Amino acid sequence: MLFLIPAYLSENSPIGYFAPAIKEYILKTDYFFVENEKTARKVIKFFAPEKKQADLKLFLLDKYSENADLNEAQTLMKSGQDFGLLSEAGLPCIADPGNLMVKWCHENSIKVVLVNGPSSIILALIGSGFNGQEFTFHGYLPIDKSEKKSKIQWLESQVQKTGYSQIFMETPYRNNQLFEDLCKFLSPQTKLCIAANINDPKEEFIKTLSIKDWQKNKPELHKIPAVFVLGK
């Protein structure tokens, strides 16, 4: 079996935010697909501090991974070994490369077990006040300045034409620059929600304002995990 195990969005999240099944599945296996070993060990320790770190067998699964890189793990799974798939933050396979192994499991008749957990994308949407019936997640915006400008203005046009909420994110150290670009390229009346430090009891920040009002209330977002939503 492959357990899809969510990670916390904030290291300060109370353990009561999470399903008890997360700990149960972590304790069931020593084998895990992870995007980053250091982060994965911290997440495992958070949910199951009694788990012996020396027993863990971690297999790297990142955006550069291909099936050929995972042959050893796949052979173990075919022989009956259970694995966990850990996200860097939130749910696996959303803005996360884990879908490669989930797809392989379906193709090889290996059961995939879903575990409840937080999604920064969904939490940002429900906290925005925007359309939660119809929405699109775009992942990361282009780095190239002209491409980013075009994408931002296209997202705005989609909100105006369809009413769909448009959700996207950025690498935390580029958040402030993205905010400046949004203020520069969007119309003053366009509504933007910023959801940062989600699930942090002290630092969580969720606010929806027009671009005109954001320009008067610039937040400090440098190196802070954040999700951005455009909507009506």
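Just so you know, all these numbers are worked out from the coordinates, no wet-lab data involved. All figures in this text were calculated on a predicted structure; none of them were measured in a lab. Don't worry about glycine lacking a Cβ; one is built from the backbone with ideal geometry, like all the others, and counts go over all protein chains shown.
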**Message:** Please check: in the Gaussian network model of the chain (C-alpha springs, under 10 Å), which one of His106, His138, His222 has the largest mean-square fluctuation.
**Reply:** His106
**Asked** Tell me, what is the FRET efficiency for Gln81 and Trp104 to the nearest 0.05, using R0 = 22 angstrom and their Cβ-Cβ distance as r?
**Response** 0.95
**Message:** Just to check I understand the Karplus step: with θ = phi - 60° and J = 6.51 cos²θ - 1.76 cosθ + 1.60, what whole-Hz values come out for segment 157-165, glycine and proline as x?
**Reply:** 5, 5, 4, 5, 7, 10, x, 5, 6
**Prompt:** Label points 7 Å out from Cα along the Cβ direction at Asn36 and Ser146: separation in nm?
**Reply:** 3.3
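Over the Cα atoms of segment 193-232, compute the convex hull volume and normalise it per residue, giving Å³. Could you put the intermediate results ahead of the total?
Details: hull volume 2.9 nm³, N = 40.
Dividing the Cα hull volume of segment 193-232 by its residue count gives 73 Å³.
For segment 1-135, what is the charge dipole size about the Cα centre, in debye to the nearest 20, if Lys and Arg each add +1 at the Cβ and Asp and Glu each add -1 at the Cβ? Write down the numbers at each step before the final one.
On the way: 13 positive and 16 negative charges, 72 e Å.
With only Lys, Arg, Asp and Glu charged at Cβ, the dipole is about 340 debye.
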**Item:** Taking only Cα atoms of segment 1-141, radius of gyration then Dmax in Å
**Value:** 15.4, 48
**Item:** Gained length - Glu220 relative to Lys52, 0.36 nm times residue gap less alpha-carbon distance
**Value:** 56.6 nm
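Mind checking the full-extension length gain between Val112 and Lys202? Use 0.36 nm per residue of separation minus the Cα-Cα distance, one decimal, nm.
Using 0.36 nm per residue and subtracting the Cα-Cα distance, I get 28.9 nm.
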**Message:** Less than 18 Å from a label point 7 Å out along the Cα-to-Cβ axis of Cys183: which backbone N atoms in segment 196-216 qualify, by residue?
**Reply:** 196, 206-216
**Fill in**
In order over segment 3-10: 3J(HN,Hα) from phi, Karplus 6.51/-1.76/1.60, θ = phi - 60°, whole Hz, x for each Gly or Pro, gives 8, 8, 9, x, 10, 5, 8, 9
**Request:** Averaged over every viewing direction, what's the projected area of the C-alpha convex hull for segment 130-218? Give it in nm², one decimal, please.
**Result:** 6.0
**Request:** Could I get the Rg over Rh figure for segment 144-190? Both from C-alpha atoms, Rh via Kirkwood, rounded to two places.
**Result:** 0.96
**Message:** Rg/Rh for segment 75-181 to two decimals, with Rh computed the Kirkwood way over all alpha-carbon pairs.
**Reply:** 1.07
**Item:** Structure-based [θ]222 nm, the chain - -39500 (n - 2.57) summed over DSSP H runs of at least 4, per residue, nearest 500
**Value:** -9500 deg cm²/dmol
**Asked** Can you list residues whose amide H is under 5 Å from Val112's amide H, if they're 5+ apart or on another chain and H is modeled 1.01 Å from N?
**Response** Leu2
**Request:** Quick one: which residues, 5 or more positions from Phe59 or on another chain, have an amide H under 5 Å from its amide H? H modelled 1.01 Å from N in the peptide plane, none for Pro or chain starts.
**Result:** Phe32, Phe33, Val34
**Message:** Beyond a 18 Å Cα-Cα separation, which of these cross-linked pairs lie in this structure: Lys149/Lys223; Lys212/Lys232; Lys28/Lys51; Lys45/Lys103; Lys191/Lys223; Lys23/Lys52?
**Reply:** Lys149/Lys223; Lys45/Lys103; Lys191/Lys223
**Asked** Hey, what did the chain get for relative contact order, percent, Cα under 8 Å, at least 6 apart?
**Response** 23
**Request:** Write down Rg/Rh for segment 54-110, rounded to two decimals, with Rg from the C-alpha atoms and Rh from the Kirkwood relation over Cα pairs.
**Result:** 0.94
**Complete:** Phi angles of segment 106-120, converted by Karplus (6.51 cos²θ - 1.76 cosθ + 1.60, θ = phi - 60°) into ³J(HN,Hα) in whole Hz with x for Gly and Pro, give 5, 6, 10, 6, 9, 5, 9, 10, 8, 10, 5, x, x, 10, 4
**Message:** Charges on Cβ only, +1 for Lys and Arg, -1 for Asp and Glu, centred on the Cα centroid of the chain; of Val112, Phe185, Leu76, which one is farthest towards the dipole's positive end?
**Reply:** Phe185
